[in-house]
Each structure stands twice: as C-alpha cells, then as structure tokens.
C-alpha cells in the first residue's frame, strides 16, 4: 500500500492518514506493512522534536465550533510544529578528518591555516548576533481578579453581508454572532476556556431574535454576563468573641477596646462581607460597553445601548413579549416600461406592471391581525417537530416612509405611470410629489414562525400587482379548507428588518389589546458622554459614514437611470411614426406574454403565464413532513420521536 502525501505549508510528508488526523479529525492511521513506514518515521520525528512527548490528541476538539480566525491560527501553529520537527530531524553533517598534506603543499597549507585562524579570531572578537525574538504570547487575564455583572445589549446591524445572526462554521459569510464573539473576547469582556471556539455557555448568554441570512436588525437584544469595573469585595471573615479581638489587636495596636465592643455584638458568631468601594457608580464608573465594543466591531454592526440592571430571571428570548418587523419596498416596485411596449393594456386600476396597488395591499395586510394558524404562511422545519402554528399578530399595515422619496422625474411621464395615479384616492397614493416612494409592511406580534414574514409579504406583493385578490389571505389562513401550503415563492430577504424587541414590566399580561411598553432601563450611547455619540469615533459618525457611502451609490445610480430615461423620451418624441410599428410588433413577442412578478428583490421575475396561488402544486402537510422526517431518523412516527426526545 503506497502512502498518500500530505502537504501543510511548504512541507510535504508521506502519510497514510487523512488531513483530519493532523487537524484533529480523529482519523486512525493504518500501517502499510510491519516495517516502519515513512509516515511513522515522520511522526517519530515530530515526537522527538516535542521532547519525547506524543502528539496531543486533537480529536476532542470540535473544529465546527471554531471561528475562522481561530482555524487560521491553528493551521499556523501546525506549520510551525512541522518546521521545527523538520529542523530537528535534519542530519547534522560533521566535517571529515583532514588528510595528511604532502610535503610540497605544507607551505601553502600553513598559509591557509594562518588565514583561517585570523578569520576565526576576528569572528570571535565580533559581537554575537542577536537571536530572533520570538513573538510574545498573549497573556490571558485572570477571571478571578475581576468582578462580573449581568447586562443586556441592544444593537443594530445591516445583514446583507452576513450569513445570518447565529454562528455557523460552515457558512461562506461571517455571522453576526461570530463578529460579536470576536469583539467580546478581544476586549476581554468574557472569559471562555478557548476564545477560538464559539461557545456562549460561559457567559449566561441569551438572544431575542434569530434573523436569517441577509436580514437586518435595528433592535436586536442579547443578555450576557461580562467583566465589570466594580472592585471585588474583600474576603469573608468570621468574627466571634475573643478571636476577632485578638486578630484586630495584633494588626492594629491600641484598638483592642474598640474591637472588643464589636466582638460583644457578635457573641454567637456571624459572617460578614466587607464591601470594597461603596462609592462605585454602576453606570458612570462602569466600563463603557457600547463604546468599547463599537471600536472592535465592523462598521455595519453598532451597539446602541446597554441595560445595567435587567430584572431577575431575565432572558432575552423568553422575556420578550413583542417583536416588530418592517419590510421595505418602493413604489413602483421595479422599473416600468412605456405603455406602448406592454403586451396588453393594464387591467384595472393600478395593475400596470411595476406599480403596486397600496390600498389593496393594506386590505390584505389587515386580514393578518388576530390569532391565526400560519402553517400556510411559513416554512416548516421538521427537525423541530412543531405542531402548534397559531400565532397572534397585534398590528399589520402598509405605511409610507416620510421624507425617503428619491426624484426620478421620468416616472411621472406619460406612458410610465398608470392613468389612475393622479386620480383622487388612487391606490398608489397621491399623485403629487416625487417618485419612487418608499413604503414598508409593518407587523407586530408575540412570536413568529420560520420565514413567516417573508411569506406574508410575498402574498401582499401578489395582491398589490393585481395578480391575486385580498381574499387570498383569508383562504390561506383557513387551514381546514387549505391544509397544505401552495408552493409559492417567498419574498427576498434583504429588505426585512427586525425593528424592535419589547420587554414589558408585566410578563404575565395576556390581554392582546393591552399596550406593550419596553420597561428595561436602557442607557443609550451618549447618555453618559456626548462625545461617544457625536465624536470622531461616535456611533453617529460611524452611521453617517455608512449612510453616505450608500447614498453616493444611490445618487450616481439614480442620475444614470434618469439620464438613460431622458434619451428614451427624446427618441419617442422624434420617431412617432416608427413607434406605431413597434406597438404592433411588441405584443406578438414571446416575452410579452410572460408576467413579471415582483418578489421583493431588485427586479421582477419573468414567470411565464401566471398561475394562481390556489392552483399551484400543494406541498406536504406539516404532519406528513414531521412524520417523514421522524421515520428517516429511525423513529416509528413523529409522535414517537417527540415522546422519546421530550418534545411533547
């Protein structure tokens, strides 16, 4: 059996084992024969280089939990070990003994010897070369020397460049939790056993929401225990009659009488804890957690506030009683084409391709309010074996964003805008003002299912384009008539934002009509020092830089779009005769018979002839998916799986 070759860095060694053995994958080496193989010799070389010690068993390490930075550091460590092993195993060649010189070469050899002796003497007189300094190892902080406190953090992030909130080692994009972990460990606010391994169990960690890949959040909340500036309390000392008097008298002569009185007060013995500094302010004297973390976190992740005193038993997940989401979109949703290029006249009101009927969308959104079964408006995860899909929606509406419109004048030109736009009470809103406009789908609820918001928005977009009626929402919520979800496409993830999380004072309130007000005492950035909000490294300055970068992209893209649109308008005015032929030929093309469906992205999707949602292919029911998953995992049924795993 010929051993395979393993290359790490610039070294290439023969090894019958996989790379997982070197990196801790737990592969077992197999000998090719009874004689020592080259791989065995290489392992012996590494063992000798380590002073006779065996290689550490890395199989206990779960590299799936390591950060990407930790994995890179681990590879560098292994490369250094291989270099050291190769240097230690290299044969040290000694010069062969010189032969007797011939008589005729004695004179010349003497001259060479004298020259060599002079060179050796000069080398000995020269100052010794300084050895290369080894990089200093990072000194770890001693957790026992610091006090800790339990706090809550409120932060925001733009999720477009991240693979979701939760840490996933297999993802190509970094996660929000990984960036938060790196910042917490780098600032020594938490003390994990190995900072390369993402494990929040060391700090009583809890999180409110779990946003998916590309989704942003402006009010995400986590709870955790962190390092504090509060001085540690002095050791507990037990005072009893006589012993305390003697100890104090020895330490402070002349104070026996005073200590004797203290001993009389504790005749039966008592345990007392001396406080370190009673003048410590829990806010002003504390570590400025948002400021410290914001200096390490990326610009698109900002800590907004911290709560110094969460209530007893606080959990960022279970103490939250309301979550608010917003899904942003523009009006028009995508670039409309001139009317003479459309296959057929717009059918009814605001159904011109690209433009949305806001009133119809608002009618459909209001049907979400109340407690309903949302199994047809979410993605089912059989691994969780969920059986209860009822959720309560407190509020659901379509709202226009004030002062967020961009000016693209061509959208108000004849042919680009629907005729009903300028009529009173039109579904697109008032015809006055600039277009496009920005709206958002506003929804408030106690909890949500997986991808529930994106499915709800997808249905609203179908209604807004005139492809479906608002009554479609009622049909999907009626699980008795529609037990299985139609296979429609959910909306894009980037415009979705977890807007806020509410933690009321009364967690036992069950009245859905009762107002829910956040009762956590948040300390926002800048409340303690205005410079931390508006200074050079303040959160406002960071947010401005991020906004301006995106704004310049918007301005340049908008100017380019308007420039091209003006050329198109001039061409139409100058070639009125040819436009009639283009009208006649446009409707006969194959592409013109295809419906462009908006799904929340940057453009619509050409979907061919539109098929109604209720006529689409029906997916398996939730019970069927759960049962199928359980049998694949070796259980008799989904009920058997839930019973054995304690999910019931």
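The values are calculated or read from the model by the stated rules, or taken from the named source; none is laboratory data. The model shown is predicted, which means the values in this text are computed figures rather than measured ones. Positions of Cβ are backbone-derived with ideal geometry, glycine not excepted, and every protein chain shown enters the neighbour counts.
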Q. In the range 503-515, what residues are at pLDDT below 95 and closer than 20 Å to residue 153 by Cα?
A. 504, 505, 507
Q. If we keep just the residues of the range 602-640 that are part of a loop (DSSP other than H, G, I, E, B) and under 32 Å from the mean Cα position of the chain (by Cα), which is surrounded by the fewest Cβ atoms within 10 Å (Cβ to Cβ)?
A. 602
Q: Please give the number of the condition residue 300 fails out of (1) modelled with pLDDT of 90 or more; (2) assigned by TED's automatic domain parsing to the domain that holds residue 445.
A: (2)
**Q.** Residues (surrounded by fewer than 17 Cβ atoms within 10 Å (Cβ to Cβ), assigned to a loop (DSSP other than H, G, I, E, B) and touching a residue at least 40 places away in the same chain (Cβ under 8 Å)) located in the range 388-405
**A.** 401
Q) Hey, among 178, 166, which residue is surrounded by fewer than 20 Cβ atoms within 10 Å (Cβ to Cβ), outside any strand (DSSP E or B) and in contact (Cβ under 8 Å) with a residue 24 or more places away in the chain? A) 166
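Residue by residue, here is whether (1) over 30 Å from residue 546 (Cβ atoms); (2) at pLDDT below 75 holds:
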| residue | (1), (2) |
| --- | --- |
| 84 | yes, no |
| 87 | yes, no |
| 90 | yes, no |
| 129 | yes, yes |
| 133 | yes, yes |
| 138 | yes, yes |
| 157 | no, no |
Q.
Here is a check on your reading of the model: is residue 119 loosely packed, with under 12 Cβ neighbours inside 10 Å, assigned to a helix (DSSP H, G or I) and at pLDDT 60 or above?
A. no
Q) Quick one: would you say residue 446 is surrounded by fewer than 18 Cβ atoms within 10 Å (Cβ to Cβ), within 23 Å of residue 393 (Cβ to Cβ), out of contact with any helix residue (DSSP H, G or I) (no Cβ under 6 Å at 6 or more places or on another chain) and at pLDDT 95 or above? A) no
Q | Whichever residue in the range 406-440 is closer than 22 Å to residue 554 by Cα and touching a strand residue (DSSP E or B) at 6+ places or on another chain (Cβ under 8 Å) and, among such residues, is modelled with the lowest pLDDT | A | 411
Q.
Checking the structure you have, find out if any residue of the range 235-243 is in contact with a helix residue (DSSP H, G or I) (Cβ under 8 Å, 6 or more places away or on another chain), in a loop (DSSP other than H, G, I, E, B), at positive phi and at pLDDT below 90.
A. yes
Q. Looking at the range 530-554, which of the residues that are touching a helix residue (DSSP H, G or I) at 6+ places or on another chain (Cβ under 8 Å) and in contact (Cβ under 8 Å) with a residue 60 or more places away in the chain is surrounded by the most Cβ atoms within 10 Å (Cβ to Cβ)?
A. 539
Q: Scan the range 290-338 for residues that are farther than 22 Å from residue 227 by Cβ and part of a strand (DSSP E or B) and report the count.
A: 10
Q: Give the range 181-212 a look and list any residue that's in contact with a strand residue (DSSP E or B) (Cβ under 7 Å, 6 or more places away or on another chain) and in a loop (DSSP other than H, G, I, E, B), or say none.
A: 188, 189, 190, 196, 204, 205, 208, 209, 211
Q.
Exactly one of these conditions fails for residue 403: (1) under 23 Å from residue 357 (Cβ atoms); (2) modelled with pLDDT under 95. Give me its number.
A. (1)
